[in-house]
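As structure tokens, the structure follows; a few thoughts come after it.
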């Protein structure tokens, strides 16, 4: 990664490359003899391939091979029983519409695309169901426990409360759809040496998956993924299409590049699945929560189970002695979901935080006052103190900034012409995760520091954050620090996900820098130099070109004694047009309570980005399946509405910025998830405040306002 | 995409000759819809005749009409001083469509030839009578939230996606078509068709013709015009419902009025009954409401799009009020 | 232009065209050797020459000559042939703006433009915006205001932003947002992008 002289130490270290088009994403590597793969996908939803006619495709100009279950190369793991049933090209079964069934490889992209259109499959169709609601109503449909049931105190205590609400909330399928299309370049060389250029959130995970599928030594596989054009969770696994491309390269002995289409991004690389949730809340007349019941049903695939933390928040976010939750996953005939930003917690927060607002309304209480009143002193689920929690301060700062005082508790009170104004608030919370990672640090006599770790940067600014941590510890300007990532040969690190990168990798960077510092101090002492001597002088005096240290770092036992979470509060002002049902988010204040802020500019951007994602989740995004066919009907960026620039107001971000050294040596907690979690509820709550209309099924489109 | 043959020409006449010379030929203007459709496999012409060099980009006032060449880009029209001054409704409608990048290449003629954005039309694995006659309509009993409420047929309930055309139909535009025998002129309102039994036909352009220009008579609506587009996001989205409204007021009395609606029919939907009702009346919300109600007489929902039965009249009222308050 | 979508392959059309093309006054863009073959009523084996046609374009002030299939988009030509991969493929259907380039100074989506439609045109991509190491003011402003995260939409955003300023559609934040709505950013950097454009506009910098 090139490191230009930065105008401001908080600027992104890869900014120059990104604004000049110099940052290379996976599909942009030039390999000699590169060929192009294009997938053929199933046009039925469930059944079997009975025949596959590839003759026309094979004869088409430029075509090198057509690979399918009929002629795939050996992938030993797929020859064994067990594991997921989705063993690409090792099964003739169809599990969902749009499933890859063949890959056509040609010498140009255009030729491969055309030839793929010539492959004709014949199927034996079976009955299918892609509708969660229908599956729930069918007593014979399979239902699986997604998480053990949880209970403390009395079950369903809300039912006997003085004031109670009981409501159902529905979220549709939402898709990650990062701007970069998914895919891979695979280059299988003699002696089973494999190099891939991947779009992954974890180079080590991709390396491990390929090694496992093909049963080749892990050191034979080199995974490169320096720049990733967004992930949002989609890159947390190696998808069948990637394995298909590796197979194709193995088969033809040339590098193969596959870039899937935007339409295929809806079917084969996961989604945030449909969820139907029921929340029951009870309180005393003066507003003390007495019962929380959160029941959730989420989709999974027929061929693989997928679970996420939909009901987690209900267990600890509010002071309440009686809580019970259950989470059921229901197989439908769609591609398997994958965690999407905020994952299940964001799904769950929409329901819980909407319900909290509904209960506050029933109590005729300001929802902010209600939350403050029920703010827990400790984590009742784990029975441990929080390592840090500054929620009350966050409430106060955010409320002041948005002008919460202008809010009227009676919905529909603020009207100007055809526009109604409303205010909403919601809380977000996510585990302050920290994993295990290694970082290598090389301090050089030319005054530079090189840090290396096999982590990723899907956009948050990993290298920028790490540079800032090292800069402060070693007193080196960030312009002299290079952080290398996205390369499986570097010291191992976990995948970038679960808001854990800064905490996990940053801690290892911290430990390496501390060790480098003491090594320099020792060298200084040995060579009779002052302990505070500059490392350049120390290295030179010792005639050392550099010193190198690798450290592995992970949490200590603090984690056993404390409950560790990041928190966010989202304040939203909306304007709702009473005649057309149009909802505009007109003001946003997001407050992050996520420990010390290490990288102020990128941290703010992450909160801004979460809010934008939250606008999409709340107002515009819904991937629609026509359940008669099992096919997506709006599988493109014209019809699946990601927010555009005009949907987004100026966004105020406030950080509490207080270190929590129990979590890690920087005192910093992750914030990728909390930036989004809860946001959609804040919007729905604001819409209710503006109009008196409670929309419990997202997205809140004009038709729902008018209904 | 098949590797079609690509031809380029610099005159309208030779373009027409080329069109006749080979079967399954299409004109290629901006390409923003055609190339998209070819990538999706919805259409597969074997010959493309690039007409971008045909000199039909004029925007000029001739007598009492503004002439706009078929190859003028959407942005050139929208940003043209003459259009902004005399026909702001057209300028706003154009700006409400697509994105700045697309408007820079999309042409007036191409915009008129735009095909529906119905998801069933776009997915070659789904039934669609417009794409493949006799295959059925996926939308009637399916996902029809974006679909038509006026002039539907049992074969197709798709909507015309253009914004520009809604303004043009409101502005009493005419279309000039060229064939080997010469020019012929039709009213813009007669250019597009209802689906009827032939949903595969979007318009009345004959196979041997090309659009050469539109002509728009000058009017006195410029002061009180508004194009209101209701959509699922603030920009870069097709209309749920859009209304082009133009008023000529004299002491709050409606001397002349034009109303057309988008997102509701297989063609740009002119609201003549409402116009007749409003002429000579006061520009009041009450009268606008009555006009909106009259506009909905023949409307019919198909389930998911039932909300348009409410959204459409509301949008008419709001557009009229906004047009009025522009003064 | 009629709108029936007849997929039926009229296999003779190419040969017919070859035989009759000498009658046509228009410029049929075909290799001269094939034209000669056609004029002399030659056999259709020459037809394969029609698979590719010549192209002359200037990209970032450098002239390129190519011989390409007409179905190749400008986007794929830039990325796969010229290896100018700064221009991104985000949707390939004109729905995201990641592929935005300037053609004769105007912003367009290169994914919906055939390369051959750009014969004789001057194309500027993100790689051609900076003056060597000296960044264009918009690039500098994007860094300063953190107008990106993953960076994938950034080239398109910057090309679009430069055009937006040139077009004069920068009179308010709302106008900027509207005229930048053809560029989707999934990371959600929109307010920062508007900040960058406001700075460039207010700075009166040459774009």
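The values are calculated or read from the model by the stated rules, or taken from the named source; none is laboratory data. What you are looking at is a predicted structure, and each value in this text was computed from that prediction instead of being measured. Cβ sites come from the backbone with ideal geometry, for glycine too, and all protein chains shown count toward neighbours.
Here are some notes:
- Residues of region A:522-536 that turn out to be surrounded by 15 or more Cβ atoms within 10 Å (Cβ to Cβ) and either touching a residue at least 60 places away in the same chain (Cβ under 8 Å) or closer than 14 Å to residue A:475 by Cα (or both), as a count: 4
- Matching residues, region A:53-65, being outside any helix (DSSP H, G or I) and more than 27 Å from residue A:126 (Cα to Cα): A:60, A:61, A:62, A:63, A:64, A:65
- Meeting the requirement of 3 or more residues that are within 7 Å of chain C (Cβ to nearest Cβ), the helices (runs of 4 or more DSSP H) wholly within region B:1-88 are B:12-21, B:34-39.
- Inter-residue pairs, beta-carbon under 6 Å, first over 17 Å from residue A:97 (Cβ atoms) and in region A:113-127, second at pLDDT 95 or above and part of a strand (DSSP E or B), 6+ apart: A:113/A:38; A:115/A:63; A:115/A:104; A:115/A:106
- Yes/no for residue A:396 being free of Cβ contacts under 8 Å to residues at least 40 places away in the same chain and outside the structural domain of residue A:199 (by TED's automatic domain parsing): yes
- Selection within region B:266-283 - surrounded by 15 or more Cβ atoms within 10 Å (Cβ to Cβ), over 21 Å from the mean Cα position of the chain (by Cα) and outside any helix (DSSP H, G or I): B:281, B:283
- Qualifying residue in region C:59-69 (condition: closer than 15 Å to residue B:3 by Cβ, at the interface with chain A (Cβ under 7 Å from one of its Cβ atoms) and at pLDDT 95 or above): yes
- The single condition among (1) free of Cβ contacts under 8 Å to residues at least 60 places away in the same chain; (2) away from chain B (no Cβ under 13 Å); (3) out of contact with any helix residue (DSSP H, G or I) (no Cβ under 7 Å at 6 or more places or on another chain); (4) more than 30 Å from residue A:225 (Cα to Cα) that residue C:206 does not meet is (1).
- Some residue of region A:158-181 being within 30 Å of residue C:67 (Cα to Cα) and within 14 Å of another protein chain (Cβ to nearest Cβ): yes
- Against the list (1) assigned to a loop (DSSP other than H, G, I, E, B); (2) within 13 Å of chain B (Cβ to nearest Cβ), the condition residue C:163 fails is (1).
- Residue that is farthest from the chain's Cα centre (by Cα) [pool: residues in region B:60-76 that are free of Cβ contacts under 8 Å to residues at least 60 places away in the same chain and within 30 Å of residue C:70 (Cβ to Cβ)]: B:76
- Taken together, the residues in region A:650-660 that are part of a loop (DSSP other than H, G, I, E, B), on the phi < 0 side of the Ramachandran plot and more than 8 Å from chain C (Cβ to nearest Cβ) amount to 4.
- Condition check for residue A:50 on (1) over 20 Å from residue A:241 (Cα atoms); (2) part of a helix (DSSP H, G or I): one failure, at (2).
- Scanning region A:6-31 for residues being farther than 25 Å from residue C:60 by Cα and either surrounded by fewer than 22 Cβ atoms within 10 Å (Cβ to Cβ) or within 10 Å of another protein chain (Cβ to nearest Cβ) (or both) gives a total of 7.
- Residue within region A:459-467 that is within 31 Å of the chain's Cα centre (by Cα), under 27 Å from residue A:341 (Cβ atoms) and without any contact (Cβ under 8 Å) to a residue 60 or more places away in the chain present: yes
- Some residue of region A:124-134 being part of a strand (DSSP E or B) and either away from chain C (no Cβ under 14 Å) or farther than 23 Å from residue A:94 by Cα (or both): yes
- Residues located in region A:612-649, provided they are more than 7 Å from chain C (Cβ to nearest Cβ), in contact with a strand residue (DSSP E or B) (Cβ under 9 Å, 6 or more places away or on another chain) and in a helix (DSSP H, G or I): A:614, A:615, A:616, A:617, A:618, A:619, A:647
- Condition met for residue A:497 (buried (at least 24 other Cβ atoms within 10 Å of the Cβ), in contact (Cβ under 8 Å) with a residue 60 or more places away in the chain and assigned to a helix (DSSP H, G or I)): no
- Single unsatisfied condition, residue C:132 versus (1) at pLDDT 95 or above; (2) within 12 Å of chain A (Cβ to nearest Cβ); (3) over 19 Å from residue A:112 (Cα atoms): (1)
- Filter result for residue B:163 (surrounded by fewer than 17 Cβ atoms within 10 Å (Cβ to Cβ), away from every other protein chain (no Cβ under 11 Å), in contact with a strand residue (DSSP E or B) (Cβ under 8 Å, 6 or more places away or on another chain) and touching a residue at least 60 places away in the same chain (Cβ under 8 Å)): no
- Residue within region B:185-203 that is closer than 17 Å to residue B:13 by Cα and at the interface with another protein chain (Cβ under 10 Å from one of its Cβ atoms) present: no
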